[in-house]
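Structure record follows, encoded as structure tokens.
The values are calculated or read from the model by the stated rules, or taken from the named source; none is laboratory data. Every value quoted in this text rests on a predicted model; they were computed, and no experiment measured them. Here the Cβ is made from the backbone with ideal geometry for all residues, glycine too, and neighbour counts use every protein chain on show.
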Amino acid sequence: MTARSSTHSLGLNRVAWGRQSLRAAVLAYLAVLLIIPLLVILRDGLQEGLLGFWRTISQPVAWHALMLTLWTAAVMVVINTVMGTLTAYVLVRYEFAGKALLNAIVDLPLAIPTLVTGVMLVILYGPQKALGAWLDQTLGWRLIFAPPGIILALLFITFPLVVRAVQPVLLNLDREQEYAAATLGARPWTIFRRVTLPALALPMTSGALLSFARAIGEFGAIIIVAGNIPLYTQTAAVFVFGEVESENRAGASAMSIVMLGIALGLILLVDWLQQRQERETMP
Amino acid sequence: MSITLSNLTKRYNNHLVVNNVSLDVTDGEFFVLLGSSGSGKTTVLKMIAGLTPLDEGRILLHGRDVTAVPVQQRQVGFVFQHYALFQHMTVAQNIEFGLRIRKVAAAQRRRRRDELLELVGLTGLGGRMPSQISGGQQQRVALARALAHQPEVLLLDEPLGALDAKIRLELRRTLRSIQRELGVTTILVTHDQEEAFELADRVGVMSFGRLLEVGPPQHLYSAPQTEFVATFLGTANLLVGQQTAEGVRIGQVDFSLAERPSSMNGNHRVQVLFRPEDVVLSARAEDLPYPSLGQGEVAETIFAGSFERLRLRLPPMPGVRPISPPVKYGGDAMMVEAMRSREQAAALPLQPGDRTWLGVRRVHPLDHPGLNFLLVSDGSPQADAAVKLGGQMARLAHARVTLLGYGQPQSGLDDYLRSAKKMMGNGLTGLETKAASGALLPAIAREINGQPYDLIVLGLDPNEHMDTVEQILQMGDHHLLLASRPSAAPARALICVADGEPAKEDVLFAGRLVRHVGAEATLLSVMKDGETEATQSQVDRFLAAGVRTLELLGVPARAAVRKGAVRETIANELISGNYDMLVMGAPLPQRDGKISLNGLISQILGIIHRPILIIRTEPGSALH
């Protein structure tokens, strides 16, 4: 009896030891990979104090870049949330030929290098190209090397994020709530608006926030589509690139800290929302 | 009439889910549809609500034909098994939903909502979210929500199925009293027999898409018409006895009946039901005030609170075939279920192994004798196709099935029978497997000597085995279904009355089988060129009468007359009309009792590869 229990506890100890060393290894890995670089950039950006940080950010070129980044991302988020939700709805609720293919294509933007995305958009909408020229001449719309081009690029890149956030929730959604609404007299649009949509609010929000966070840092597609024109098409990420190129480390670090802050805040929010979603869908 | 369903039919991928269901529910009635899962009861309910489209039939709500009316305008209240409350709305918002849709003023909405909360016993919980209340409370909210817009009919889909036993009992009473109070016509769907009995004014029992019987609970329990209902509701002692002039005979014992069902009109076998509480036990035969089945041995006693259940073993009786409780494999004793009050148990204590006399207070003969199929198989792919078809038809027709395996070594045969049983077992009223050693014909002969069959199903290629087919036909009064390729249960049957040779009997049995499997039928007569007008009108009259009979049986039917060479015309009709079963009458036996298929049938069998039902035309067929 004693012999058995001692070997048993020995086994337990060995497992505990294994667990601890595994935990230490993961923590060390995270520190080297994530935390130390974060701390370094934080120290770098704040080396001239908070006031110096603020001076760097509030100078016109930097400020414009930051504002441009935020508003283009915001416009993209509105369009992407609506269209992404509709796409998910169609993918889940309708049966049509080529549905499986379409479902696979949704993820394509995640796999295409964003530089290539930029090139594709320039070829399609560039002022010398057929569609771009037509838009420019008949409607007076310039998309490339202008802020709308940024929105277009962001829409392309972030397309899967809302779709993939909404789709699984919609798939698991209890259809009976919708049937119940129908027996109570609600027509299809009312059912969608009052029953289906509220159930999708959380995934839509987390998809929207993820798109926003993803858009803040986009560089490759934007530099191709919108160029690097200060006070016009220069976004925060492109600004950081320019500062690094001109060896202005303080400017680069300061803007980076702002972008990091926004991204971190959004990620934490999404995480919290997703936890709430899980709690709600649990029986 | 609040709800009228006529001939509702629904198919999913050619599978009949709801088979020709007709029903009238009167104003204020609480009607319960009872059936096991997969019986089609929920589909019927959803068709009434408009949530599931129907393939055929009509639905009337308060005289209004709503068959094509969308769900929103049907004015029904629907309660789902898993509540289906709107999760992001409060209890109050849930209840008010139907009123908001109808643009009812806020003050009136609030008043109605408070009324309903009080009705379902949830006053004060209006502000809670669905996730904050218990399952039973959620279902009460769902009920209030379904009643808010004062629906014309209330439809409840297993509303108590997801709740635990205690809550279920409580909510059952609430449901009953609310329905009484409001007087709203209600259909509830359940698989719980106790629930059905407690709630229902009338119960309808469904099985495999068909509404088998409808009636008040006590009537269905004590005087069912079909084997399925007899064994599905409560515990049944069911056996096959003999009709007599005064009643029925079980073995040597005569039971007289106060009322003799109209269907009993001869000396045929009949299924006899008696309930456990109708069994009276006594230490001495002389003390039994009722006819006695003899002395039995107690096999088992179960204490069940206020009463005692017993299972008794009786020696086999000549001419009596027990159906329920089923005979154990390899056993030959007859089991009987009995039930006694505590006082009776105290007066005559019984232990397993004790012997006691058995009397039966009351027996009930079933109206419908029930079909009996024999499926014969040697395990070949052809035979297997026939077994599958036969099993499927048996399920739809609620026929009892005996699967007879032959032509393989014993061990292989046992394996085959086991797997075939597993494949078919689901949903068959009764399925027995038997292994026969030796050749096919003696095996069948032995089997049908033991008990008569209505239909024998064979998977033989008729071209190669014409003799065998002929001989099997000669053996008894059974009909024969030949199938050698995989095919689904027939949806369209072509009944040939060529040459005027097969008669009304054929049409009757074919009609009965066709009705059971939910198919439609065409009566075809082929005339030779140059027949007189008198013959033609005679044929027309015969066909018209046949169609009338079929329609009376509930089979959609039409008549067709074709001219030309018989064999080719039938083959053409079969293919162009897309029929999946051919029905033909067997030729009458010759003077020496032999049946020869050497005429038309053999020609047709040679060219057609669809299931063929050969009907024995003989007075006193096993069926009637």
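Hey, can you tell me all the residues within region A:84-100 that are closer than 21 Å to residue A:157 by Cβ and in contact (Cβ under 8 Å) with a residue 12 or more places away in the chain?
Selection gives A:84, A:85, A:87, A:88, A:91.
Do we have residue B:318 as crowded, with 18+ Cβ neighbours inside 10 Å, touching a residue at least 60 places away in the same chain (Cβ under 8 Å) and not hydrophobic (A, V, I, L, M, F, W, C) here?
For residue B:318, the condition - crowded, with 18+ Cβ neighbours inside 10 Å, touching a residue at least 60 places away in the same chain (Cβ under 8 Å) and not hydrophobic (A, V, I, L, M, F, W, C) - is not met.
Tally time: how many residues in region B:10-38 are under 18 Å from the mean Cα position of the chain (by Cα) and modelled with pLDDT of 90 or more?
The number of residues fulfilling the criteria is 9.
Would you check if there is a residue in region A:113-126 being in a helix (DSSP H, G or I), crowded, with 17+ Cβ neighbours inside 10 Å, aromatic (Phe, Trp, Tyr) and under 23 Å from the mean Cα position of the chain (by Cα)?
Among the residues of region A:113-126, not one is in a helix (DSSP H, G or I), crowded, with 17+ Cβ neighbours inside 10 Å, aromatic (Phe, Trp, Tyr) and under 23 Å from the mean Cα position of the chain (by Cα), which makes the answer no.
Quick check on region B:72-100: of everything there that is touching a Leu at 6+ places or on another chain (Cβ under 6 Å) and either among the aliphatic types (A, V, I, L, M) or away from chain A (no Cβ under 13 Å) (or both), which residue is farthest from residue A:172 (Cα to Cα)?
Among residues in region B:72-100 that are touching a Leu at 6+ places or on another chain (Cβ under 6 Å) and either among the aliphatic types (A, V, I, L, M) or away from chain A (no Cβ under 13 Å) (or both), the one farthest from residue A:172 (Cα to Cα) is B:76.
Can you work out which of the residues in region A:146-194 that are assigned to a loop (DSSP other than H, G, I, E, B) and either touching a Pro at 6+ places or on another chain (Cβ under 8 Å) or within 14 Å of chain B (Cβ to nearest Cβ) (or both) is nearest to residue A:73 (Cα to Cα)?
In this case the residue turns out to be A:173.
Filter region B:208-233 down to the residues that are in a loop (DSSP other than H, G, I, E, B) and at pLDDT 90 or above, then identify the one that is surrounded by the most Cβ atoms within 10 Å (Cβ to Cβ).
Step by step, filter region B:208-233, then rank; the result is B:224.
Restricting to region B:53-70, what's the tally of residues that are touching a strand residue (DSSP E or B) at 6+ places or on another chain (Cβ under 7 Å) and either polar (S, T, N, Q) or without any contact (Cβ under 8 Å) to a residue 60 or more places away in the chain (or both)?
The total comes to 10.
Quick one: count up the residues across region B:50-73 that are polar (S, T, N, Q) and assigned to a loop (DSSP other than H, G, I, E, B).
2
Name the one entry in B:297, B:277, B:337 that is outside any loop (DSSP other than H, G, I, E, B), in contact with a helix residue (DSSP H, G or I) (Cβ under 7 Å, 6 or more places away or on another chain), modelled with pLDDT of 90 or more and of a type outside the set (A, V, I, L, M, F, W, C).
Just a single option satisfies the conditions, and that option is B:337.
Test of understanding: among B:408, B:351, B:392, which residue is surrounded by 18 or more Cβ atoms within 10 Å (Cβ to Cβ) and in a loop (DSSP other than H, G, I, E, B)?
Criteria check complete, one pass: B:408.
Check off (1) surrounded by fewer than 22 Cβ atoms within 10 Å (Cβ to Cβ); (2) away from every other protein chain (no Cβ under 12 Å); (3) closer than 24 Å to residue B:139 by Cα for residue B:32 and give me the number that stays unchecked.
The number of the failed condition is (1).
Being within 12 Å of another protein chain (Cβ to nearest Cβ) and of a type outside the set (Ser, Thr, Tyr) is true for just one of B:159, B:151. Which residue is that?
So the residue among B:159, B:151 that is within 12 Å of another protein chain (Cβ to nearest Cβ) and of a type outside the set (Ser, Thr, Tyr) is B:151.
Would you check if residue A:215 is part of a helix (DSSP H, G or I) and within 14 Å of chain B (Cβ to nearest Cβ)?
No; evaluated as a whole, the condition is false for this residue.
Here are the criteria: (1) within 32 Å of the chain's Cα centre (by Cα); (2) in a helix (DSSP H, G or I). Tell me which single one residue B:160 does not satisfy.
It fails just one condition, (2).
In region B:354-367, what residues are assigned to a loop (DSSP other than H, G, I, E, B) and either surrounded by fewer than 19 Cβ atoms within 10 Å (Cβ to Cβ) or among the hydroxyl-bearing types (Ser, Thr, Tyr) (or both)?
Those that are assigned to a loop (DSSP other than H, G, I, E, B) and either surrounded by fewer than 19 Cβ atoms within 10 Å (Cβ to Cβ) or among the hydroxyl-bearing types (Ser, Thr, Tyr) (or both): B:354, B:361, B:362, B:367.
Keeping to region A:183-232, report how many residues are polar (S, T, N, Q), more than 30 Å from residue B:79 (Cα to Cα) and buried (at least 23 other Cβ atoms within 10 Å of the Cβ).
Residues flagged as polar (S, T, N, Q), more than 30 Å from residue B:79 (Cα to Cα) and buried (at least 23 other Cβ atoms within 10 Å of the Cβ) within region A:183-232 amount to 2.
So, of the residues in region B:117-139 that are within 13 Å of chain A (Cβ to nearest Cβ) and part of a helix (DSSP H, G or I), which turns out to be farthest from the chain's Cα centre (by Cα)?
Residue satisfying both the conditions and the ranking: B:132.
Across region A:229-283, what is the number of residues that are within 14 Å of another protein chain (Cβ to nearest Cβ) and either closer than 16 Å to residue A:63 by Cβ or under 22 Å from the mean Cα position of the chain (by Cα) (or both)?
Of the residues in that region, 3 qualify.
Condition first: modelled with pLDDT under 90 and not in a helix (DSSP H, G or I). Can you find one or more residues in region A:265-282 that meet it?
Checked against the condition, which is being modelled with pLDDT under 90 and not in a helix (DSSP H, G or I), region A:265-282 yields at least one hit.
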